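For reference, the structure is listed below as structure tokens.
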Amino acid sequence: MEQLGRVLCIITGASRGFGRTVAKEMARLVKPRSVFVLVARSGNELQTLQEELVESDLEVRCVVVDLSLMEAPEMVVRTAKEAFSPDIEHLILVNNAAALGDVSRFTKSFTSMAEVNSYLSCNVSSALCLTASMLQAFPKQSGLRRCVINISSLCALKPFCSWVLYCTGKAARDMMFKVLAEEEPDLRVLNYAPGPLDTDMQLIARTQTGELGLRKTFSDMFDEGQLITCEASCAKMMKLLLEDKYTSGEHVDFYDV
Ligand code: NDP
């Protein structure tokens, strides 16, 4: 089970939730001496994950950083370049980190440019700048497959009342990666919507959502056991990567796989 080859895999938001699961599941599908770069703000959680992963004969580096900071892309790229070796066959960047933002308020309350800019900087600009920095650092070369994943959402396609920041950010990210797919035909680009996951983000959704009908929907999904485990969703994403048949730039939902 080493079908992804010897990889250099960068995962943002690897400290918990879906990103952490992606790191663990991906580790089972790569050749020994693959390199994982784990990115998040929570150093202790990254370190625990690092200790688990190195047991599988992987080299694991942690970058403890807030992705909204200007210096974040450079820090991640520097670590990835230091760890890179010429026998790496496959570069995989998983843009997973995201935040819901303030979902307790409605669109007309967002009058502060500083607040909106801060959200977009963390959730949109950072993904673009990190991806661009990685593509420059690891340009097209023979023998190196390159894949960029955007962890998307149904919210990229469908409006959810009181979720204006999140829906806007997810829609922008989808389009950003669609443009990238058009521009770079040799690159594999996947917008993967993982479905409703049982994570910290869902806890915020069912307790803080301002639109009460939507809040109840999330609460009911939790009570009725309808949330998906990160493992089940990640298995479908890995299937997509292994089969490698998706159209580059396509938005693929958990329920479509
Ligand atoms: P969680 O809130 O559980 O985890 C978010 C991760 O992102 C954490 O590892 C967090 O790490 C990291 N992160 C957040 N902000 C920053 C930041 N400024 N700098 C660095 N890292 C950051 O979310 P999920 O696991 O649920 O979500 C993962 C992805 O899946 C997201 O893109 C989300 O939008 C998407 N998604 C989730 C759904 C769900 O139902 N949960 C549904 C559809 C899509 P730390 O706090 O340590 O920095």
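Note on region 142-173: among residues that are closer than 24 Å to L4 by Cα and under 15 Å from the mean Cα position of the chain (by Cα), the one that is surrounded by the fewest Cβ atoms within 10 Å (Cβ to Cβ) is C147. Does R61 qualify as being open to solvent by 10 Å² or more (accessible area, probe 1.4 Å) and assigned to a strand (DSSP E or B)? Judged against the criteria, R61 is a match. Across region 1-14, the number of residues qualifying as closer than 15 Å to L197 by Cβ and in contact with an Asp or Glu (Cβ under 8 Å, 6 or more places away or on another chain) comes to 0.
Taking D186, is it open to solvent by 70 Å² or more (accessible area, probe 1.4 Å), away from the ligand (no atom under 13 Å from the Cβ) and out of contact with any helix residue (DSSP H, G or I) (no Cβ under 7 Å at 6 or more places or on another chain)? Give the derivation first.
Working: open to solvent by 70 Å² or more (accessible area, probe 1.4 Å): no; away from the ligand (no atom under 13 Å from the Cβ): yes; out of contact with any helix residue (DSSP H, G or I) (no Cβ under 7 Å at 6 or more places or on another chain): yes.
Spelling it out, it is not the case that D186 is open to solvent by 70 Å² or more (accessible area, probe 1.4 Å), away from the ligand (no atom under 13 Å from the Cβ) and out of contact with any helix residue (DSSP H, G or I) (no Cβ under 7 Å at 6 or more places or on another chain).
Every condition in (1) within 12 Å of the ligand (Cβ to nearest atom); (2) of a type in the set (F, W, Y); (3) within 27 Å of L8 (Cβ to Cβ) is met by Y119 except one, and the failing one is (3). The selection criterion, being within 24 Å of C230 (Cα to Cα) and open to solvent by less than 10 Å² (accessible area, probe 1.4 Å), holds for N191. Set side by side, the residues L203, L212 differ, and just one is within 23 Å of C122 (Cβ to Cβ), open to solvent by 70 Å² or more (accessible area, probe 1.4 Å) and without any contact (Cβ under 8 Å) to a residue 40 or more places away in the chain, which is L203. Selection over region 232-257 of residues that are out of contact with any helix residue (DSSP H, G or I) (no Cβ under 6 Å at 6 or more places or on another chain), within 22 Å of E25 (Cβ to Cβ) and open to solvent by 40 Å² or more (accessible area, probe 1.4 Å) gives a count of 10.
When the test is whether a residue is among the polar types (S, T, N, Q), open to solvent by less than 70 Å² (accessible area, probe 1.4 Å) and within 15 Å of the ligand (Cβ to nearest atom), S219 passes it.
Against the condition open to solvent by less than 60 Å² (accessible area, probe 1.4 Å) and either within 14 Å of the ligand (Cβ to nearest atom) or part of a strand (DSSP E or B) (or both), how does A80 come out, does it pass? Answer is no for this residue. Of the numbered criteria (1) in a helix (DSSP H, G or I); (2) in contact with an Asp or Glu (Cβ under 8 Å, 6 or more places away or on another chain); (3) open to solvent by 50 Å² or more (accessible area, probe 1.4 Å), the one Q47 fails is (2).
The values are calculated or read from the model by the stated rules, or taken from the named source; none is laboratory data. These numbers were taken from a predicted model, which means no experiment stands behind them. Reconstructed Cβ throughout: ideal geometry from the backbone, glycine too, with neighbour counts over all protein chains shown. Note: areas computed on protein heavy atoms with side chains; ligands, DNA, RNA excluded. Shrake-Rupley method; radii C 1.70, N 1.55, O 1.52, S 1.80 Å.
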